[in-house]
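Values in this text are rule-based calculations from the coordinates and carry no lab data. None of the values given here were measured: they were computed from a predicted structure. Glycine also receives a Cβ, built like all others from the backbone with ideal geometry; neighbour counts cover every protein chain displayed.
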Amino acid sequence: MQFLKHSFPLLRTPALLIPVLFIMISCQPQTQRLATSTLNINQRVDSVLALMNLEEKIGQLTLYTTDWESTGPTIRAGYVDDIRSGRCGALFNSHTVDFTTQLQKVAVEETRLKIPLLFGYDVIHGYKTIFPIPLGESSSWDLTIMEKTAAIAAAEAAASGLHWTFAPMVDIARDPRWGRVMEGAGEDTWLGSRIAEARVKGFQGKGIGNTDAVLSCIKHYAAYGAPVAGRDYNTVDMSERAFREYYLPPYAAGIAAGAATVMTSFNDLDGVPATGSKWLMTDILRGELNFQGFVVTDYTAINEMTNHRVVADDKAAGELALQAGVDMDMQGAVFQRFLAQSLKEGKVSLQMIDQAVKRILRMKFELGLFDDPYKFSNAAREKATVFSAANRAVAREAVRGSIVLLKNKGNVLPLSKTQGKIALIGPLADSKADMLGAWSGSGDAKDCITLFEGMKNVIGASRVSYSQGCKVNGEDRSGFDAAIKLASGSDVVVLAIGEEAVMSGEAAARADISIPGVQEELLQKLLATGKPVVVVLMNGRPLAIPGVDSTANAIIEAWYGGTEAGNGIADVLFGDYNPSGKLTMSFPYSTGQIPVYYNEKSTGRPFNPESKWTSKYIDNPNAPLYPFGYGLSYTQFSISDPRVSKTSFSNRDTISVTVKLTNTGKRAGAEVVQLYIQDKVSEVTRPVKELKGFEKVMLEPGESKDIVLKLDKNHFSFFKRDMSYGTEPGEFLIMVGPNSRDLKTTTVKLID
Ligand code: NOJ
């Protein structure tokens with residue numbers, strides 16, 4: 001090992017070095033490993049790089065899916081041969097200790113250089129224990145639980161042989177037609193940034209290389225959440241100002257929190273496909289955000305640049321991607337097929353290839369795979385960690401926290417735990433598969449608790465009866481009569497309706513976001529029985545439900561809760577948990593209102609219902625049905641007028657905004673106190689309000705607490721006309737309340 005430490009020039013002689021590398025990466029006596037660790041990571045990376053031929057280097061830049069399962073068109077088969085020949089350095093959709101060990105063995109025992117493989121997977125809201133979909137979880141406004149569920153997902157994944165998750169998705173989305181809103185944190189930049197940090201911290205835990213953590217991947221960089229008309233993969237076009245103000249910060253926050261990798265997006269942005277954009281992948285990502293990890297494409301995004309028609313063929317697409325700053329080609333096999341030729345032609349340089357290889361090797365070193373390629377392959381750990389009772393208990397907690405109470409007329413909720421007959425109706429009331437939601441990792445539908453099961457778990461089987469009524473989609477009304485009969489003989493109806501899980505997620509845009517099929521018609525028939533109807537919505541996006549809102553007695557938004565869905569919803573229905581969720585995306589009044597989001601601009605003709613010539617619809621309200629930040633509780637809260645520590649302040653000050661929060665009702669409960677600001681006059685148009693702080697607080701009945709939220713110059717900064725970032729002196733409104741609509745206001749002045 002002295003040789004490795006002191007003789008770097010000699011490392012260029014591959015014949016001499018193969019044994020050395022072998023020593024580094026195999027199970028050698030501890031003393032030798034200690035010796036290697038005296039080299040710093042850069043030296044170790046360089047020492048490996050020096051051994052590699054071009055094909056092996058390009059292999060490290062190549063990620064293939066196994067045939068375990070695929071999330072898009074599979075271009076390459078025969079991945080085991082690719083591993084064996086050193087043409088593939090990373091795999092996805094391969095997990096479990098058993099399977100990953102088999103594959104790792106091929107890499108470590110059968111390839112020339114024995115470089116270990118990296119295993120990735122879409123662990124989005126859980127690996128085997130499935131948590132609520134991320135949009136649902138974001139509605140908890142509980143950063144601690146989001147970090148915790150990410151940590152559990154990571155621990156389960158890492159115990160199953162995985163090193164890397166393709167999460168979190170931090171794309172800001174204002175258009176609920178886009179099916180992937182289910183995977184994000186909603187419409188707000190500030191909240192989305194905090195959630196990005198929490199999830200990165202959760203996934204990466206105490207640090208890369210710990211066996212209960214995985215590499216995280218900030219995706220989809222950039223602005224994938226803003227496709228025209230909400231249609232997945234569609235064009236994205238926005239001003240640089242809008243991009244930097246509203247879309248870039250969550251990526252930046254995730255990177256600042258230490259995200260190891262970044263995934264490119266499929267879309268173009270201002271005419272340039274993101275995967276081929278040097279501005280995005282190098283100037284901003286590396287230059288401005290100081291990103292140190294590696295960049296992977298989203299699936300065949302390199303190849304797709306030919307469909308974007310910015311290049312004529314795959315070879316040119318690969319050159320564009322590498323030149324832009326992409327390091328790893330997911331599934332497209334473009335680097336593998338063409339990069340050597342591109343190098344020969346001088347279209348790319350060896351230095352560019354080496355740079356990308358080094359970034360990837362570095363991550364393998366940081367994970368500790370060179371010291372022990374089977375570090376994440378421990379069958380006993382897998383058995384103890386995956387789907388443990390403790391993990392399921394956290395999942396139940398996460399479900400309860402994600403639920404949003406949208407309406408509760410006459411306090412029909414919570415339901416009595418001891419009295420009355422309950423008719424449980426609806427296509428989603430006893431569907432296990434739908435509880436998983438999209439992107440459910442290795443989650444198993446049979447493990448999911450349905451609402452029917454959850455209710456029986458709380459009150460026993462005798463008081464609750466179930467009738468499906470109808471399907472989610474289609475015109476079949478043949479189940480109506482049985483459902484109406486059941487409702488008529490019961491004291492209260494719980495109706496579980498919404499979307500099938502496959503109706504949101506990737507490639508699942510909807511042009512009409514009302515409740516599909518005859519479900520709403522069934523609701524009206526049930527209401528006609530005169531029984532109170534509690535609607536439990538399960539869906540992966542905001543829905544347009546003015547008809548449900550105006551007629552149902554109570555509505556709870558339950559999203560897709562994952563493994564423990566039914567138990568968590570039952571906890572809320574029967575009052576074992578007082579709902580505290582708040583929407584992180586506005587629920588539009590109609591599809592035609594989209595995009596509707598709380599932080600809109602004033603316009604030159606602000607909405608005035610009395611005047612025709614203002615910015616409004618003639619057939620719809622301007623306001624959404626339920627605004628951002630909205631959600632009710634079984635108790636009531638009052639929030640006092642905000643008080644500020646200073647009414648005039650400078651860029652060097654931190655000001656405190658204090659409100660008194662009181663639980664004025666009869667139950668313990670949690671309120672999310674939200675703080676918004678408005679820049680009253682600025683040199684560019686600014687939103688009517690922007691979230692800049694919040695705190696979720698639990699209070700006993702009658703209890704009060706002073707909530708103090710802090711603001712400094714960072715909260716008041718924006719991109720000015722010349723695109724410099726900073727503050728401008730002047731007055732700001734400070735608004736505090738329980739949602740983005742019902743706010744109490746004061747004014748502060750920034751003096752310099
Ligand atoms: C395509 C999706 O856009 C991305 O989010 C995912 O990580 C990859 N497929 C891999 O499954």
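Points to keep in mind about this one:
- Span from the the stretch 538-606 Cα centroid across to the the stretch 274-299 one, whole angstrom: 35 Å
- Cα-centre dipole for the stretch 637-750 with unit charges at Cβ (Lys and Arg positive, Asp and Glu negative), debye to 20: 60 debye
- Derived scalar couplings ³J(HN,Hα) [the stretch 489-503; Karplus, 6.51 cos²θ - 1.76 cosθ + 1.60; whole Hz; x for Gly, Pro]: x, 10, 8, 8, 10, 10, 10, 9, 10, x, 10, 5, 4, 6, 7
- For the stretch 386-593, the square roots of the Cα gyration tensor eigenvalues, ordered a ≥ b ≥ c, give a/c below 1.5, which places it in the rounded category.
- The charge dipole of the chain, taken about the Cα centre with unit charges on the Cβ atoms of Lys, Arg (+1) and Asp, Glu (-1), comes to about 1140 debye, rounded to the nearest 20.
- The share of Cα pairs per 5 Å bin across the stretch 608-683, counted from zero up to the longest distance, runs 3, 10, 13, 14, 14, 14, 14, 12, 5, 1 percent.
- MRE, 222 nm, helices only [DSSP H, n ≥ 4, -39500 (n - 2.57), over the chain, to nearest 500]: -8500 deg cm²/dmol
- Using only side-chain charges placed at the Cβ, +1 for Lys and Arg and -1 for Asp and Glu, the dipole size of the stretch 143-239 relative to its Cα centre rounds to 100 debye.
- Fewest-first ranking of 238, 455, 538, 435, using other Cβ atoms within 10 Å as the exposure measure: 238, 455, 538, 435
- The equivalent ellipsoid that matches the C-alpha gyration tensor of the chain spans semi-axes of 46, 31, 24 angstrom, in descending order.
- Taking the DSSP beta bridges with both ends in the stretch 386-593, the antiparallel portion is around 20 percent.
- Straight Cα distances below 23 angstrom link residue 105 to the lysines 57, 114, 358, 364, 375, 383, with same-chain residues fewer than 8 positions distant left out.
- Antiparallel DSSP beta bridges within the chain, as percent of all bridges there, nearest 5: 55 percent
- Förster radius 45 Å - calculated FRET efficiency between residue 646 and residue 409 (Cβ-Cβ, nearest 0.05): 0.55
- Cα coordinate range in the stretch 637-750, projected on the principal axes (Å, largest first): 53, 24, 17
- Listed by chain and number, the aspartates and glutamates placed with their C-alpha closer than 15 angstrom to that of residue 471 are 430, 434, 481, 499, 500, 520, 521; residues fewer than eight positions away on the same chain are left out.
- Nonlocal Lys pairs with alpha-carbon distance under 14 Å, the stretch 570-689 (8 or more apart, or different chains): 4
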